[in-house]
Each structure stands twice: as structure tokens, then as C-alpha cells.
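First the structure, in the form of C-alpha cells, and then the observations on it.
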Amino acid sequence: MGKQRITVCLSPVGHDGLKQAIGQAMAPFWYDREDRPHPDWVGEWSYWFVSGAGCLFDVLTGHEDDPRLVRCDDWTQLPEDLPPSRCHGGPRGVLDFDTPRAAEARRAADTWTAYHAFADGYPPALPFRHFAERARSLEPDHAREATVAAFREQPLIQAIEADPALEERFTSDPVLHFDEDLETYVTRHVADVLPTPALLTLDGQWVEAGGLDYKRMFNAYLDGLPGDTMVVRVLYHS
């Protein structure tokens, strides 16, 4: 059990009816609903709050004063002072999906290019899993130690581990992390900008999955919504 976020899509609704509309959309997936669809049915949530902290939406430039924007976080105890350019939700047509995706595309491309330029100065390295597979024949107590030691003997890994800033940027297993071409790497990271772990569609479908296919679907679905569709971040307990 824990908390995670869902992006809820609703027909046009004002602030006065927003929480009721979210409640109606979420109701079929409540743990304690009495009219269970089948004997083995298990719900998705026990309580929820409007909250996009950590996954706020950008507001389209020029629409910062749109009264339909959702800027109240029910999860926080103190009033939240959001900048005009950010919100927890609002009509699809005044939310800016492209700017954060473009920023992530630039960041990912810069990181990929910087890593490969850095790695070119060292002998080719192998990912951690290569050494883990090689150590399978060892006793369990020694396998992990041998794997780590062999992995860290590589000059590229030593150079990255010697600089905390590089390790944070390139990760602790960079060969695996950057083992794809530039376009694929950028596409994967851009697809990760908007999605929450779950999506509640306009027609009442609760979609929850991982991986790139889900993220692509999430982006395509939000991009294709009518401009007056309300899109709201919700934190729920599962």
C-alpha cells in the first residue's frame, strides 16, 4: 500500500464542481464500493487528493490568469504559492505540454553527447550485468563482491566514480544507461516528462502500466484531447 498519482481527465467543469466530478470519475475504482463488479474485484484507491506536487503542469504563455486553472493542492497543509506558469491542472487547451518536452529533449541530447565524448577518452567499458553474469559460478557470498570489483576496475568507471557530479549525470552504470542511439535515448526521456503512473480517461478507463508503450500512449492521449477537457493531477492511496 502506498501513494501514487493519477492524471484524471474530465468533461468541462468549473471549480465548484471539480471535486465532485473527480469523485464521480474515481468512484468505480474505490476499494469499499458495495456493488462490486465480480467476487474477485479489488479497487484501486481508498482516498485521494487534488495534488500535482512533483508533476505540475506548465501553463501556456498568455493564459496564466485563466480562472479554470487548478492551483490548490489538497495534500499540503499550508497554502501553496505557485508561480503563474504552473498548476495542478486545467483545461487541456491552456496547458503547455510542448515546452517541458522540448526542454527535456535538449537536456537529454546534451547528456548523451557529453557522455559519449567523455567515454571516447577511455577504453571501451562493459555494463555491470556483464560482470554479474560472469560471477554466477561463484559462491553467493563472493559473487557480488567479485562483480563490483571487476566492474569498478574499468578506467571509464573509475573516472566517473571519482567525480560525484559526473556519476550523478551519467549514472553508476553508464554503459547500460547510454546503450542506444541519440534519437532513441532522447525519445525515451521526452516520453517520460508528462505521464503519471496511472491515467483515468474521459470514458472511465483506468490505465496503469509501465514502460515506453504506456508513456507514448499517455502522451498521445493527452495531446488528442479536446481543448476544454479538464486534466487534473490527483494523489491517491492505493
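The values are calculated or read from the model by the stated rules, or taken from the named source; none is laboratory data. This structure is a prediction, so every number in the text was calculated from the model and none was measured. A quick note on method: Cβ atoms are made from the backbone with ideal geometry, for glycine too, and the neighbour counts reach across all protein chains shown. With ligands, DNA and RNA removed, areas are computed over all heavy atoms of the protein, side chains included. Shrake-Rupley method; radii C 1.70, N 1.55, O 1.52, S 1.80 Å.
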Would you say residue 154 is more than 21 Å from the chain's Cα centre (by Cα) and loosely packed, with under 14 Cβ neighbours inside 10 Å?
-> no
Scanning the range 219-238 for residues that are open to solvent by less than 10 Å² (accessible area, probe 1.4 Å) and within 12 Å of residue 95 (Cβ to Cβ), which turns out nearest to the chain's Cα centre (by Cα)?
-> 233
Determine which member of the set 114, 119 is surrounded by 15 or more Cβ atoms within 10 Å (Cβ to Cβ) and touching a residue at least 12 places away in the same chain (Cβ under 8 Å).
-> 119
Give the range 57-94 a look and list any residue that's open to solvent by less than 30 Å² (accessible area, probe 1.4 Å), in contact (Cβ under 8 Å) with a residue 60 or more places away in the chain and either farther than 20 Å from residue 224 by Cα or touching a helix residue (DSSP H, G or I) at 6+ places or on another chain (Cβ under 8 Å) (or both), or say none.
-> 70
Only one of (1) over 18 Å from residue 226 (Cβ atoms); (2) at pLDDT 95 or above; (3) among the hydroxyl-bearing types (Ser, Thr, Tyr) does not apply to residue 11, and that is (1)
Find all pairs meeting these conditions: Cβ atoms under 6 angstrom apart; at least six residues apart or on different chains; first residue within the range 5-33 and in contact (Cβ under 8 Å) with a residue 40 or more places away in the chain; second residue of a type in the set (S, T, N, Q) and outside any strand (DSSP E or B).
-> 5/196; 6/196; 7/196; 9/201; 9/229
Yes/no for residue 200 being of a type in the set (A, V, I, L, M) and surrounded by 15 or more Cβ atoms within 10 Å (Cβ to Cβ) = yes
Right, residue 16: open to solvent by 90 Å² or more (accessible area, probe 1.4 Å), of a type outside the set (A, V, I, L, M), under 14 Å from residue 230 (Cβ atoms) and out of contact with any Leu (no Cβ under 9 Å at 6 or more places or on another chain) or not?
-> yes
What number goes with the only condition from (1) at pLDDT 95 or above; (2) open to solvent by 70 Å² or more (accessible area, probe 1.4 Å); (3) touching a Leu at 6+ places or on another chain (Cβ under 7 Å) that residue 97 does not pass?
-> (2)
For the range 38-56, enumerate the residues that are farther than 22 Å from residue 24 by Cβ and buried (at least 18 other Cβ atoms within 10 Å of the Cβ).
-> 56
